[in-house]
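What follows is a short report on a single structure.
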Amino acid sequence: MLIDGHGRRVNYLRISVTERCNFRCQYCMPEKPFSWVPRENLLSFEELFSFVKVAIDEGVDKIRITGGEPLLREGLDSFVRMINDHKEGLDLALTTNGYLLEDVAGRLRDAGLKRINVSIDTLKADVAAKIAQKDVLERVLAGVEKALEVGLKVKVNMVPLKGINDDEIVDVMEYAKARGMRIRYIEYMENVHAAAGLKGLSGKEILARVKERYTIRKIGREGSSPAFNYVTDDGYTFGVIDPHKHDFCESCNRIRLTAEGHLIPCLYFDEAMSIRDAVKAGDIGRATEILREVLRNKPEKNRWSEESDEHSARAFYETGG
Ligand code: SAM
Ligand code: SF4
């Protein structure tokens with residue numbers, strides 16, 4: 001079992017398989033052109049999988065594949081299959097922007113994937129194009145329909161932003177609800193890569209919008225989930241991910257692995273250790289040591305807070321959010 005330096009059990013590994021993305025979401029990517037990590041620096045799926053096995057042996061039982069946009073990485077279904085076939089009962093999921101989903105949903109399901117999260121910030125094509133800086137909505141929505149059709153369980157992620165999509169908080173909920181999908185609103189996390197001047201809504205402000213339509217009741221966090229759940233008077237459960245709340249980090253059970261092999265203990269901070277050389281040399285003992293060391297040094301909490309608007313230097317497109 002993996003226990004961090006603050007006594008928290010860590011059982012959840014998020015793997016960013018690429019930092020590249022076919023969107024340029026204003027809240028995630030720099031406005032100015034920047035250079036990607038060269039492809040040859042990426043760990044292969046086999047190399048990533050050799051670390052996944054180490055993590056599973058140490059007690060990880062929940063894995064999420066993310067990015068950048070994970071579906072840009074060719075043959076992702078083979079990576080899903082490797083992990084899924086390795087151990088029964090793993091909770092294996094994927095987060096995607098949905099743009100390439102229509103073509104691959106069936107293959108991902110066949111490889112053993114059961115759950116995906118799709119980011120849908122708006123149902124208006126022009127607003128989607130403004131946020132992603134590309135005309136994306138039609139393909140994203142087609143991807144969601146396909147995922148549902150092939151039997152994947154789908155959750156929706158929405159980042160509400162003032163003056164951009166905050167008038168659609170309930171509309172996106174209705175869209176998700178009508179399709180049996182849970183929505184999770186994510187508070188915008190200030191970071192230096194995002195467009196200047198963006199303002200997110202706090203969890204409280206998001207709930208106020210929902211309350212204009214529904215009476216809601218608190219349920220609470222589900223285990224170590226980052227989402228605080230609520231239920232509407234007609235029985236629909238939704239969540240709010242509120243990293244600015246002081247108790248958000250108390251039950252953090254996550255570590256993150258980047259496509260280059262950096263093992264990151266906290267989404268907020270720059271600190272990381274590389275498992276790259278260990279994995280390339282097939283040195284499982286060293287990879288295990290690094291994993292344990294990263295956990296010993298996992299920060300107690302992030303520095304987003306309800307009072308301050310501090311910016312993190314960590315790139316979400318690198319860590320996978
Ligand atoms: N490209 C995929 C996607 O968009 O779903 C996966 C990677 S993305 C980094 C993972 C999640 O992080 C998405 O739900 C996205 O909305 C969220 N995210 C990115 N930047 C964020 C920010 N500054 N604040 C809050 N959430 C953010
Ligand atoms: Fe790409 Fe996802 Fe970041 Fe948007 S949030 S730019 S889709 S990685």
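Points 7 angstrom from Cα along the Cβ direction at Thr237 and Asp103: gap in nanometres? A separation of 3.6 nm, rounded to one decimal place.
Roughly what % antiparallel, to the nearest 5, for the DSSP beta bridges in the range 1-123?
Details: 1 of 14 bridges.
Bridges in the range 1-123 that DSSP calls antiparallel: roughly 5 percent.
With the crude spin-label approximation of a point 7 Å out along Cα→Cβ, what separation in nm comes out for Arg221 versus Lys301? About 1.1 nm, to one decimal.
Cα-Cα over 27 Å: which of Lys53/Lys245; Lys177/Lys218; Lys204/Lys301; Lys53/Lys114; Lys162/Lys298; Lys155/Lys280? List each step's numbers first, then the result.
Numbers: Lys53/Lys245 34 Å; Lys177/Lys218 18 Å; Lys204/Lys301 21 Å; Lys53/Lys114 20 Å; Lys162/Lys298 32 Å; Lys155/Lys280 35 Å.
Distance filter (> 27 Å) returns Lys53/Lys245; Lys162/Lys298; Lys155/Lys280.
Normalise the Cα radius of gyration of the range 21-164 by 2.2 N^0.38 Å (N = residues in it) and let me know the number. Ratio of Cα Rg to 2.2 N^0.38 Å: 1.10. Take every DSSP beta bridge whose two residues both sit in the range 12-312, then give the antiparallel share in percent to the nearest 5. So the antiparallel bridges in the range 12-312 amount to around 35 percent.
State the antiparallel share, in %, of DSSP beta bridges confined to the range 131-274, rounding to the nearest 5.
Working: 15 of 22 bridges.
Percent antiparallel among DSSP bridges in the range 131-274 is about 70.
Restricting the calculation to Cα atoms, the chain yields a radius of gyration followed by a Dmax of 18.8, 57 Å. Could you list the residues of the range 184-220 with an amide nitrogen less than 11 Å from a label point located 7 Å from the Cα of Lys162 in the Cα-to-C-beta direction? Those under the cut-off are 197-202.
The figure for Thr237 is an accessible area of roughly 30 square angstrom, using a 1.4 Å probe on the protein chains alone.
Site pair Arg24 and Lys199 shows an inter-label distance of 2.5 nm when each label is modelled 7 Å from Cα along Cα→Cβ.
The values are calculated or read from the model by the stated rules, or taken from the named source; none is laboratory data. Keep in mind the model is a prediction, meaning the values are calculated, not measured. Glycine also receives a Cβ, built like all others from the backbone with ideal geometry; neighbour counts cover every protein chain displayed. Accessible surface areas use protein heavy atoms only, side chains included; no ligands, DNA or RNA. Shrake-Rupley method; radii C 1.70, N 1.55, O 1.52, S 1.80 Å.
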